[in-house]
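Enquirer: Following this message is one structure expressed as structure tokens.
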Amino acid sequence: KTSTSVVDLAEDVKAANDGTLKDMPMFGYWEGDIDVKTNNIQVSLGRMLTRINLVINNQTSSAYHITSFSNVSHKCYVFPNIMHNPLPEDAYEDVTIGKQVAAGATAEMYFYMAPNFTSGAENATKLNIGDKQVILSNGSPDSPDRDYNLYHNSNYTFTINLK
């Protein structure tokens, strides 16, 4: 519970995204005594991964290429917390998406990644659409104190309207 260790979940993230993940990495703890009368214990667990749902509404007369993500975290803290130091620089990678959204069409996609703990926009997770970038974060884009983190055990749905 007090560990500040960082673990690499790259293989779990890859398996989750290609549909071969057999067991979800989890975190949790239990406090109490165990003795001969203890028949069972209940441990609250949380997923160590983050799910990103994308809804891309292409309201233009041209196709758009959803090329990649930048700054996708593949490392996370052993026991996630709301407040953490930013992840180390080697925690990030770019991930190719390579999908096209036809003119006037809507595409829905989902991805798994490790949570992203960052102190600002530089290492925030970004969706690359053609030559444009959209920051994917917990905070609203118009917030002066925007929260650039993506938290563990969370599902995020980002609806992006291309006009």
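Enquirer: List the pairs whose first member sits in region 25-38 and is touching a residue at least 60 places away in the same chain (Cβ under 8 Å), whose second member is open to solvent by less than 90 Å² (accessible area, probe 1.4 Å) and assigned to a strand (DSSP E or B), and whose Cβ atoms are under 6 Å apart, counting only residues at least 6 apart or on separate chains?
Expert: Phe27/Gly46
Enquirer: Another question, then. Give the residues of region 147-157 that are in contact (Cβ under 8 Å) with a residue 12 or more places away in the chain and assigned to a loop (DSSP other than H, G, I, E, B), sorted by residue number.
Expert: Tyr148, Asn149, Tyr151, His152, Asn153, Ser154
Enquirer: Can you tell me how many residues within region 99-141 are of a type in the set (Ser, Thr, Tyr), farther than 16 Å from Ser68 by Cβ and open to solvent by 60 Å² or more (accessible area, probe 1.4 Å)?
Expert: 2
Enquirer: While we're on this one: Quick one: count up the residues across region 18-53 that are hydroxyl-bearing (Ser, Thr, Tyr) and either surrounded by 10 or more Cβ atoms within 10 Å (Cβ to Cβ) or under 16 Å from the mean Cα position of the chain (by Cα) (or both).
Expert: Selection size over region 18-53: 2.
Enquirer: Can you pull out every residue in region 123-137 that is among the small types (Gly, Ala, Ser) and either closer than 18 Å to Gly98 by Cβ or touching a Cys at 6+ places or on another chain (Cβ under 8 Å) (or both)?
Expert: Gly130
Enquirer: In the list Val78, Val95, Val134, which residue meets the criterion of being in contact (Cβ under 8 Å) with a residue 12 or more places away in the chain and closer than 19 Å to Ser5 by Cα?
Expert: From the options Val78, Val95, Val134, the qualifying one is Val78.
The values are calculated or read from the model by the stated rules, or taken from the named source; none is laboratory data. Everything quoted here is computed from the prediction, not taken from an experiment. Note that each Cβ is placed from the backbone with ideal geometry, even for glycine, and that neighbours are counted across all protein chains shown. In case anyone asks, the SASA skips ligands and DNA or RNA and just uses the protein heavy atoms, side chains included. Shrake-Rupley method; radii C 1.70, N 1.55, O 1.52, S 1.80 Å.
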